[in-house]
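Report on one structure; see the data block that follows.
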């Protein structure tokens, strides 16, 4: 017994000496990037224990106020650097070498496999090259009608409640609409989520993303075996949800493959323009269609698992982010009737008396104020408030060097509200995007990330948001407008409570309701 105690004491002493040695050796580093806790080994675990999905962005803001724009944490032996400094962000995101995602993203591996979000190096480069043509503007033009059609279904559902008094929790309604849009653009099929919100697929998406959100801020649950041991019920619920989503995607893959084969066999393929042929693309090709006709660098067709991973990745990345942007846009318009009026006037002036005319790709450049509203919404409420990278080798920053095997978190929420860059950063002011901000580093406005690994789907994302907002402001009745009113008893959205990690997307914590009414103008 005495020997065991002596060995334990020696082990503790060695660990303490090692910790002190590391702190002494890294004094210069800690001077530039201070640690959030001085308690050895478990200090950061204690800090993280106070984090909740609905207060993550507020906790990070507290740390930025205390430690500055950059700080670090030691999770056992793993170093994590958290930064809201545009200078550091520019060096990291501009790099062609540091493109591997943060280790926290690996929590999604069971669901997304080695899709574009989680892959890196040659696998990522190959799939990025295959998928990128899908987002060419000539292809996106073909899908604008999908955005508009599903938005009108949403408006039709809400129109029965447009009495100016009934309050509506807008988020779930918008979520079902965007799920319909993403399913049709990614898989080429209609899931009719707006008509059948209780489907197994819709429920599985919600269940899995909520469980992953909890694991994101509980490091001990990040380990699969510990998660299975400590949260058995949640583990089984997550795996069942993943199985449901995989079965759904695999069934769609098989159906689309059969349909494409029949199309070629019967020679019914429609004619395509010379320009599209030069691009090597066919019109109205969903992401799944592109993947089914693509090959790897060695000429082999993509496997079903590869195709499934990419489709699931696009569904995951596109669904909740778009829902967040549209919901917050409508929320902000409900709080700022003056901005709502300016927006309606712009849409009326552009479309004339034909409010029923569908929005076209070319309309986007003319709807200047609508673009400003979307940009300002994304600045105040970026759908993904935190992104991350993992360093395979050291990264030299302007005044400090990050060692290899460092996890880096980038605080987009804090960057986009930086008072050093933005005048009155907490204010919703769309007009700020009409002017060039000479103080702004280009990496001070990156709601979609930036650099070689930026968001590949940001263009269809913006088109969907623009189309939806246009439809929600004007309706198919002759020149009518839905006027949105702020119906919360609380004055600021921060006090309504925001989910900054639930589904890894910024969303309302509680049911947030607005009312609206249809008015002839």
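May I ask you to list the residues in the range 402-417 that are in contact with a strand residue (DSSP E or B) (Cβ under 6 Å, 6 or more places away or on another chain) and part of a loop (DSSP other than H, G, I, E, B)? Correct list: 406 only. Looking at this structure, is residue 211 over 17 Å from the mean Cα position of the chain (by Cα), assigned by TED's automatic domain parsing to the domain that holds residue 140 and within 30 Å of residue 73 (Cβ to Cβ)? In short, no. Of all residues in the range 425-451, those satisfying the criterion of being part of a helix (DSSP H, G or I), exposed (fewer than 14 other Cβ atoms within 10 Å of the Cβ) and at pLDDT 85 or above are 431, 434. Listed by position, the helices (runs of 4 or more DSSP H) inside the range 256-359 whose residues that are at pLDDT 85 or above and over 26 Å from residue 112 (Cα atoms) number at least 3 are 304-335, 337-351. Of the listed requirements (1) buried (at least 16 other Cβ atoms within 10 Å of the Cβ); (2) touching a residue at least 40 places away in the same chain (Cβ under 8 Å), residue 255 misses just one: (1). In summary, helices (runs of 4 or more DSSP H) completely within the range 8-114 and bearing 1 or more residues that are closer than 16 Å to residue 387 by Cα and at pLDDT 80 or above occur at 56-67, 86-93.
Please verify whether residue 61 is more than 18 Å from residue 402 (Cβ to Cβ) and assigned by TED's automatic domain parsing to the domain that holds residue 399, treating the condition exactly as stated. For residue 61, the condition - more than 18 Å from residue 402 (Cβ to Cβ) and assigned by TED's automatic domain parsing to the domain that holds residue 399 - is met.
In the condition set (1) surrounded by 15 or more Cβ atoms within 10 Å (Cβ to Cβ); (2) within 25 Å of the chain's Cα centre (by Cα), residue 167 is compliant with all but (2). Restricting attention to the range 360-397, the residues that are within 20 Å of residue 455 (Cβ to Cβ) and in a strand (DSSP E or B) add up to 5.
Conditions tested, residue by residue: (1) within 28 Å of residue 290 (Cβ to Cβ); (2) in a helix (DSSP H, G or I).
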residue: 195; (1), (2): yes, no
residue: 202; (1), (2): yes, yes
residue: 208; (1), (2): yes, yes
residue: 212; (1), (2): yes, yes
residue: 215; (1), (2): no, yes
residue: 226; (1), (2): no, yes
residue: 234; (1), (2): no, yes
residue: 239; (1), (2): no, yes
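Of all the listed residues (230, 226, 221), the sole one being without any contact (Cβ under 8 Å) to a residue 12 or more places away in the chain and either within 26 Å of residue 311 (Cα to Cα) or crowded, with 17+ Cβ neighbours inside 10 Å (or both) is 221.
Would you check if there is a residue in the range 120-136 being without any contact (Cβ under 8 Å) to a residue 24 or more places away in the chain, surrounded by 20 or more Cβ atoms within 10 Å (Cβ to Cβ) and out of contact with any strand residue (DSSP E or B) (no Cβ under 6 Å at 6 or more places or on another chain)? Taking every residue of the range 120-136 in turn, none turns out to be without any contact (Cβ under 8 Å) to a residue 24 or more places away in the chain, surrounded by 20 or more Cβ atoms within 10 Å (Cβ to Cβ) and out of contact with any strand residue (DSSP E or B) (no Cβ under 6 Å at 6 or more places or on another chain). Filtered by the rule that a residue be more than 20 Å from residue 325 (Cβ to Cβ) and either under 18 Å from the mean Cα position of the chain (by Cα) or touching a residue at least 40 places away in the same chain (Cβ under 8 Å) (or both), the range 170-194 gives 187, 188, 189. For the range 354-362, the criterion of a residue being more than 17 Å from residue 148 (Cα to Cα) and either in the same structural domain as residue 183 (by TED's automatic domain parsing) or touching a residue at least 40 places away in the same chain (Cβ under 8 Å) (or both) is satisfied by no position.
This table checks each residue for (1) assigned to a helix (DSSP H, G or I); (2) at pLDDT 80 or above; (3) under 17 Å from residue 193 (Cα atoms); (4) in the same structural domain as residue 310 (by TED's automatic domain parsing).
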residue	(1), (2), (3), (4)
134	yes, no, no, yes
140	yes, no, no, yes
150	yes, yes, yes, yes
166	no, no, no, yes
174	yes, yes, yes, yes
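The values are calculated or read from the model by the stated rules, or taken from the named source; none is laboratory data. Being a predicted model, the structure only gives us computed values, none of them experimental. Positions of Cβ are generated from backbone atoms using ideal geometry, with glycine treated the same way; all protein chains shown enter the neighbour counts.
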